[in-house]
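Every read-out reported here was derived from the displayed coordinates using simple, explicitly stated rules and does not represent laboratory data. Just so you know, these numbers come straight off a predicted model, no measurement behind them. Note: ideal-geometry Cβ built from the backbone for every residue, glycine included; neighbour counts use all protein chains shown.
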Amino acid sequence: AGATFCDEGAQTISAQITKTDLCDLGLSGGKDSRMLRQKILLALDLPEHMSSNALLDALNMLCTLEQLQRLVSECKKSNLE
């Protein structure tokens, strides 16, 4: 379909996003992690009922850790506004 997700023209992804990264970013294991995960899934146009492991696999195909950090930050900001 020619769609890119986290950033236009995403560069080659070298470091893998890990489960620890998801926890550190608040996407897993926290009281609001489900809500934040839903926002990320919506922003990336991914199915809303993906498991954390499936999300991790998808993120590693779609973006870098830095791109994910920016997306999470944007989603958290939108929750405050």
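Thr64's amide H: which non-local residues (gap 5+, or another chain) put their own amide H closer than 5 Å, with H modeled 1.01 Å from N in plane and none for Pro or chain starts?
none
Which of the trypsin sites (Lys or Arg not before Pro) found in region 23-57 are in a DSSP loop and have at most 14 neighbouring Cβ atoms, other than their own, within 10 Å? Before the final figure, lay out each step's value.
Working: sites: Lys31, Arg34, Arg37, Lys39; in loops: Lys31.
Sparse-neighbourhood loop trypsin sites (Lys or Arg not before Pro): Lys31.
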